[in-house]
Amino acid sequence: MKRFAKFTIDGKTVELPIIEGTCGPDVVDIRNLYQETGLFSFDPGFTSTASCFSNITYIDGDKGVLLYRGYPIEDLVEKCDFLEVAFLLMYGELPNFSQKESFEQSISHHTLVHEQLRSFYQGFRRDAHPMAIMVGVVGALSAFYHDSLDIYDPAQREVASHRLIAKMPTIAAMAFNYSRGRPLPYPQNGLTYAQNFLKMMFAIPSETYQINPVIAKAMDIIFILHADHEQNASTSTVRLAGSSQANPFACIASGIAALWGPAHGGANEAVINMLKQIGTKANISEFIERAKNKNDSFRLMGFGHRVYKNYDPRARIMRKACHDVFKHLKIDDPLLEIALELEEFAIKDPYFIEKKLYPNVDFYSGIIFRALGIPPSMFTVIFSVARTIGWVAQWNEMIADPGQKIGRPRQLYSGNVKRKIEDNRTS
Ligand code: SDX
């Protein structure tokens, strides 16, 4: 039975249809609101706004549930590798053996970047933040791959998508090595996605590189956990850029730029800086109080989430992966001790309980990256490598939608009304 939301404005009653999804909140379709009432809706942070239909990722924030194409993240981490999850996000189903083989082959044959693109790196300072390099180099890919820019040709869309998934690890590892004054690495076909990334990051040309299977598995899990997350800020940026019919490389570069912010993907780097600032367990209570103080700009980085009002399921998996890596590498990191104690403190504190602030995916990821020898400036870069499949899948879903329109929000104008330039303006 069709349902409607009825409301009365200045004596006029308006009925707006309610559209139901398969799970999660239904929506009030306000596409005709302005036409029917002359009013705009107002929702600056999009706290109550669904921007699109999507079949890709579902989050139940109250229950702490994350599904990629219906599969729980916990099951995918346990039973699949990253490229299988990437295939799932892109095509909607887990690959069978032959599909997995041909997908892996396609990705591995796109991991190289054009040799001239490598010279871009020489233009950056050695101390450039690698996210600045990622935004620049990924945006420049459209200058090299003219045969995959026609967004209305499904074959070109697929090639561009595979190129982006395949080249991100190479571009990221090149940025890391460039900052270290080391030769820019080349990918090695035949390795898994995570193994290839680790080798490009850490192999020294003059030595044989040994793949550590525990570290490679941890990296694969990290890629899966960061792959997609419905309409977050960077994915919404990619969709908005894509709605103008910009080429896929430009759209993904815009997503990388949006992800960089410390309120979003930059939080993993901010968590490490925060834990260093806290310094010892003895200081935790002082910083918890600062996080609760409205007059103090300090926030507990890695805590809180727009959607999760329960424990982020990715943080739980990441915390276990942390313990596994630390046990395997026989290391202990005082920052992990502080993080565990901080979590214990915060989740029992009435402020965090009342505001439903729990650890999110970024709270433990930085600590595991440290254990893997990855510097804080590379944390969000790795997030962007993993999230590229999510951005690409969401971009394809939008472009393939026949009803797709350019995204163009309106505003509540509160500026000057029309006025004349006064002739007696002072000089
Ligand atoms: C990611 O959207 C996604 O899906 C993102 C992501 C993904 O996979 O794409 O999950 C990845 O970005 C995770 C989030 C990483 N960011 C951080 O860890 C930064 C710290 N967190 C906060 O900045 C904040 O929690 C946000 C940005 C994550 C969410 O902000 P919201 O939803 O706009 O919530 P809010 O700022 O309105 O907070 C609600 C209340 C506020 O208090 P009141 O104004 O109601 O009194 O909770 C407080 C906030 O002051 N609050 C915090 C807090 N986060 C929120 N107080 C202290 N420390 C915090 N971390």
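The values are calculated or read from the model by the stated rules, or taken from the named source; none is laboratory data. Computed from a prediction, not measured in an experiment: that's the story for all the values here. Reconstructed Cβ throughout: ideal geometry from the backbone, glycine too, with neighbour counts over all protein chains shown. Heads up: the accessible areas ignore ligands, DNA and RNA and are worked out on the full protein's heavy atoms, side chains in. Shrake-Rupley method; radii C 1.70, N 1.55, O 1.52, S 1.80 Å.
Overview of values
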quantity	calculated
Cα gyration tensor of the range 51-145 - equivalent ellipsoid semi-axes, whole Å, descending	33, 20, 13
Spatially proximal lysines relative to LYS355 (Cα-Cα < 30 Å; intrachain offsets below 8 disregarded)	LYS63, LYS276, LYS281, LYS292, LYS294, LYS309, LYS320
Inverse of mean 1/r across different Cα pairs in the range 1-91, Kirkwood, Å	16.1 Å
Local electrostatic count, GLY304, Cβ distance below 9 Å [Lys/Arg +1, Asp/Glu -1]	+4
Calculated from backbone phi, Karplus (6.51, -1.76, 1.60) coupling profile of the range 340-348 in Hz, x at Gly/Pro	5, 5, 4, 4, 4, 4, 5, 6, 9
Volume in Å³ per residue [convex hull over Cα atoms, computed for the range 294-427]	273 Å³
Rg/Rg_ref, the chain, where Rg_ref = 2.2 N^0.38 Å and atoms are Cα	1.06
Karplus 3J(HN,Hα) series, Hz, for the range 286-299 with 6.51 cos²θ - 1.76 cosθ + 1.60 (x for Gly, Pro)	4, 6, 4, 5, 4, 5, 8, 8, 4, 8, 10, 6, 5, 10
Label-to-label distance, nm, for residues given as LYS420 and TYR71 (7 Å Cα→Cβ offset)	7.0 nm
Per-residue [θ]222 nm for the chain (sum of -39500 (n - 2.57) over DSSP H runs n ≥ 4, rounded to 500)	-15000 deg cm²/dmol
Mean Cα-pair separation over length for the range 297-401, i.e. relative contact order, pairs under 8 Å, 6 or more apart, %	39 percent
Backbone HN-Hα couplings from phi across the range 302-307 [Karplus 6.51/-1.76/1.60, Hz, Gly and Pro as x]	x, 10, x, 6, 5, 9
Compactness of the range 291-352 as Cα Rg over 2.2 N^0.38 Å, two decimals	1.30
For the range 181-229, average projected area of the Cα convex hull in nm²	4.2 nm²
Zero-based 5 Å bins, Cα pair distances in the range 35-83, whole percents	5, 14, 17, 19, 14, 9, 10, 6, 3, 3, 1
Centroid-to-centroid separation of the range 150-215 and the range 342-394 [C-alpha atoms, Å]	23 Å
The range 46-204 - convex hull of alpha carbons, volume per residue in Å³	163 Å³
Portion, in percent, of the accessible area of the chain that falls on carbon or sulfur, probe 1.4 Å	54 percent
Accessible area (Å², per residue) of the range 23-88, counting only protein heavy atoms and a probe of 1.4 Å	60 Å²
